[in-house]
Amino acid sequence: MDEGKLAPSDAELIERCLRKDNAAWELVVARYRRKVFHIAYKFTGKHDEAEDLQQEIFLKVFRALEKFKRDADFSTWLSSVARNYCIDHYRASKRQKEVLVEDALAYDLAPAASGNPYRALEDKDRSSLVRRGLDQLPGKLREAVILRDLQGLSYQEMAARLALPEGTVKSRINRGREELARLLLRAQQPQRRTTAGRAAKRREVR
């Protein structure tokens, strides 16, 4: 930019972006990169995840530029898009972890497979994975998950047994599931490689 020349306004940059001006979009990103990162970081608390979210948010903004009302403040609109995206991301991520835990615990309770030694071995591996995850949970969280998800106690029954308010019981269950999901996700990477290797060996035998 020439020395002494005023920086283009947001409105100018948006108009140029809509005309497929890549340089203008780069200026928008440079101008608001820090702002978007801070919003993402507030939701994740982790630098790497915030950076990933930052990129996804800018992609979302770029695709939605035509919906931006020209008489509105771009910075305010951008912040709103970023926060809404983070909220949706958080909800989707939380639900994904809940489903992972539900599936894993349901699998652990299912009767063992019979007649297929490979399937039986995989069932045993997965059950062992769940048990190891439970073992790694702090005692209070492990107890809450086992009582609720493996033994099927109601919130009221758990509150009576543990002599705790129902709110505390629900909090421990949620925290236990969240931590168990994190442990299972971490353990799934080597598990997937092992399962893939067994599948390849089975194909070779055939």
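Each label point was placed 7 Å from the Cα along the Cα-to-Cβ direction; for Arg131 and Ser171 their separation is 3.3 nm. Counted residue by residue at 0.36 nm each, then reduced by the alpha carbon distance between them, the extension gain from Glu157 to Arg70 reaches 25.6 nm. Modelled label positions at Lys46 and Arg33, each set 7 Å beyond Cα in the direction of Cβ, lie 2.3 nm from each other.
Using a simple spin-label model with pseudo-atoms 7 Å out from Cα toward Cβ, Ser79 and Leu164 lie 3.8 nm apart.
A Förster radius of 45 Å, combined with the Cβ-Cβ distance separating Ala11 from Arg91, puts the computed FRET efficiency at roughly 0.85. Given R0 = 45 Å, the distance between the Cβ atoms of Leu18 and Ala187 translates into a calculated FRET efficiency of 0.45.
Here the ratio of the Cα radius of gyration of segment 1-77 to 2.2 N^0.38 Å is 1.18.
Per residue, segment 14-89 exposes 66 Å² of solvent-accessible protein surface, assessed with a 1.4 angstrom probe and all protein chains in place.
Evaluating 6.51 cos²θ - 1.76 cosθ + 1.60 at θ = phi - 60° for every residue in segment 7-15, the Karplus couplings come out as 5, x, 6, 4, 4, 4, 5, 5, 4 Hz, glycine and proline recorded as x.
Qualifying GluC sites (Glu not before Pro) in segment 1-93, where qualification requires a DSSP coil assignment and no more than 15 other C-beta atoms within 10 Å, comprise Glu3. Computed over protein heavy atoms with a 1.4 angstrom probe, the accessible surface ordering of Ile14, Ile87, largest first, is Ile87, Ile14. Separation of the alpha carbons by more than 32 angstrom is noted, of Lys35/Lys170; Lys46/Lys170; Lys42/Lys170; Lys35/Lys140, for Lys35/Lys170; Lys35/Lys140. Under the combined filter of DSSP loop state and at most 15 neighbouring Cβ atoms within 10 Å, segment 35-78 retains these trypsin sites (Lys or Arg not before Pro): Lys46, Lys69, Arg70.
The values are calculated or read from the model by the stated rules, or taken from the named source; none is laboratory data. This one's a predicted model, so the numbers in the text were calculated from it and none came from an experiment. Cβ coordinates were reconstructed from backbone atoms using ideal geometry, including for glycine residues, and neighbour counts include every protein chain displayed. SASA here: full protein model, heavy atoms, side chains in, ligands and nucleic acids out. Shrake-Rupley method; radii C 1.70, N 1.55, O 1.52, S 1.80 Å.
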